[in-house]
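Taking it in order: structure first as structure tokens, then the write-up.
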Amino acid sequence: MGGRADRLVQELVQQSRSFVTGLFDHDCVTLNGTMEPDAGRRLEVGDEIAVRYEANRRYSPRPRPKAAHNFKAEFEDEFLIVVYKPAELLTVPSDKRESHTLVDRVGAYLKQGHSRAKAHVVHRLDRGVSGLLVFAKSQEVSELLQAQFSLRKPERRYAAIVAGVMDPPDGQFSGYLATGKTLTRYSTDNPAGGEYAETHYHTLQTLRDATLVEVELVTGRRNQIRVHFADAGHPIIGDDRYQADEARHRNWPHKRLALHARSLGFEHPVTRESLHFDTPLPPEFQQFLHGAPRGGSGTQTKSSRPSSPKRRK
């Protein structure tokens, strides 16, 4: 795997990064004979970059839309709120004490309605992961929801694009996860030194060098999906922590992981209603799946389970 396309172009033209970005925006760069609009494209050995531009012309970058860092409320009542977290947001502050995390924004949203409710964290998603989360509006409801998670009652399904072709296409991982000095998680054979973790997966679509899988969490340990697939030699595309070299893909220029919490189901802790929420694949996933090369006889597409309505009584 080589470097980024824009860095090679900058070496060729000896101009500013802004000028180079403008060249991509104005269709001045080709990759292997095809117009290349993505300045962050990762290059592979053998790729050919060509640049054609007028020496005295200004090539200003086109305005970029501002990143949407806000959450979306999927369901809300007086006891809890289910939200969609974009990949850019931390769920809660880390040791660096970041502000404007998801819990901060949900809390600010609740205050707008002059509510005395606060956002109580029930579970989390890693930064770089998008998808569905539930927050409680009181400590009592939070404890009731956390009890469900402790008993592994909620249904949590993820969509993930992993490196390579999964073999077997369906299966499970189980074992114990421990935490290193840098907070990186790793597998261990010592039950006393780790937490039990179990992950099930089902192949939805096989590409030439990647696989779209649906992942179901039996347990919900930190970094569980990332560690299990990396240990199996199929790290999550875009993961810069677990087998980062193998997780890079030329068709995934995004900073986020190819991991999305697409389904969440649980029993309402007060009304006892069965709630189920689904969210579609993010645009980055859809672009990757449509643009990635297909394999030969091994290419396959499987349908997921039928979609469910947002609420089921």
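Working only within segment 109-134, note down all residues that are closer than 25 Å to Asp278 by Cα and without any contact (Cβ under 8 Å) to a residue 24 or more places away in the chain. Break it down stepwise before answering.
Restricting attention to segment 109-134, the residues satisfying the condition of being closer than 25 Å to Asp278 by Cα are 109-110, 118-134.
Lys118, His120 - these are the residues of segment 109-134 that are closer than 25 Å to Asp278 by Cα and without any contact (Cβ under 8 Å) to a residue 24 or more places away in the chain.
Tell me which of these Gly265 doesn't satisfy, since it passes every other one: (1) at pLDDT 95 or above; (2) loosely packed, with under 14 Cβ neighbours inside 10 Å.
If we test Gly265 against (1) at pLDDT 95 or above; (2) loosely packed, with under 14 Cβ neighbours inside 10 Å, just (2) comes out false.
If you go through segment 246-276 one residue at a time, how many are out of contact with any Pro (no Cβ under 9 Å at 6 or more places or on another chain) and either outside any loop (DSSP other than H, G, I, E, B) or basic (Lys, Arg) (or both)?
Selection size over segment 246-276: 9.
Residues that are over 29 Å from the mean Cα position of the chain (by Cα), aromatic (Phe, Trp, Tyr), open to solvent by less than 50 Å² (accessible area, probe 1.4 Å) and modelled with pLDDT of 90 or more: does segment 19-34 have at least one?
Yes.
Looking only at segment 71-127, how many residues end up being part of a helix (DSSP H, G or I) and of a type in the set (Ser, Thr, Tyr)?
Looking only at segment 71-127, we keep the residues that are part of a helix (DSSP H, G or I), and these are 102-112.
After this cut, where a residue has to be of a type in the set (Ser, Thr, Tyr) as well, the list is 109.
Counting residues in segment 71-127 that are part of a helix (DSSP H, G or I) and of a type in the set (Ser, Thr, Tyr) gives 1.
Pick out the one residue from Leu102, Leu80 that is open to solvent by less than 50 Å² (accessible area, probe 1.4 Å) and under 18 Å from the mean Cα position of the chain (by Cα).
Testing whether each residue is open to solvent by less than 50 Å² (accessible area, probe 1.4 Å) and under 18 Å from the mean Cα position of the chain (by Cα) leaves just Leu102.
How about segment 210-222: which of its residues are within 15 Å of Ala247 (Cα to Cα) and modelled with pLDDT under 95?
none
Keeping to segment 206-243, report how many residues are open to solvent by 30 Å² or more (accessible area, probe 1.4 Å) and farther than 30 Å from Leu151 by Cβ.
Of the residues in that region, 5 qualify.
For segment 184-199, which residues satisfy the criterion of being in a strand (DSSP E or B), open to solvent by 10 Å² or more (accessible area, probe 1.4 Å) and more than 15 Å from Leu259 (Cβ to Cβ)? Don't jump to the end; show me each part of the working.
Residues of segment 184-199 that are in a strand (DSSP E or B), as a first pass: 185-188, 195-199.
From what is left, the residues that are open to solvent by 10 Å² or more (accessible area, probe 1.4 Å) are 185-188, 195-196, 198.
Tyr186, Ser187, Thr188, Glu195, Tyr196, Glu198 - these are the residues of segment 184-199 that are in a strand (DSSP E or B), open to solvent by 10 Å² or more (accessible area, probe 1.4 Å) and more than 15 Å from Leu259 (Cβ to Cβ).
Pull out all pairs, ordered by first then second residue, where Cβ-Cβ is under 7 Å, the residues are six or more apart or on different chains, the first lies in segment 140-161 and is without any contact (Cβ under 8 Å) to a residue 40 or more places away in the chain, and the second is assigned to a loop (DSSP other than H, G, I, E, B).
Ser142/Val122; Gln146/Val122
Failed condition for Val227, given (1) at pLDDT 95 or above; (2) over 21 Å from His123 (Cβ atoms); (3) touching a strand residue (DSSP E or B) at 6+ places or on another chain (Cβ under 6 Å), with all others met?
If we test Val227 against (1) at pLDDT 95 or above; (2) over 21 Å from His123 (Cβ atoms); (3) touching a strand residue (DSSP E or B) at 6+ places or on another chain (Cβ under 6 Å), just (2) comes out false.
Which condition number does Leu90 fail, the rest of (1) within 26 Å of the chain's Cα centre (by Cα); (2) aliphatic (A, V, I, L, M); (3) modelled with pLDDT under 90 being met?
(3)
When the residues of segment 170-183 are narrowed to those that are more than 21 Å from the chain's Cα centre (by Cα) and assigned to a loop (DSSP other than H, G, I, E, B), which ends up nearest to Val218 (Cα to Cα)?
Gly180
The values are calculated or read from the model by the stated rules, or taken from the named source; none is laboratory data. Here the structure is a predicted model, which is why all the values come from computation and not from measurement. Neighbour counts run over all protein chains shown; Cβ positions are idealised from the backbone, glycine included. Calculation scope for accessible area: heavy atoms of the full protein, side chains included, ligands and nucleic acids excluded. Shrake-Rupley method; radii C 1.70, N 1.55, O 1.52, S 1.80 Å.
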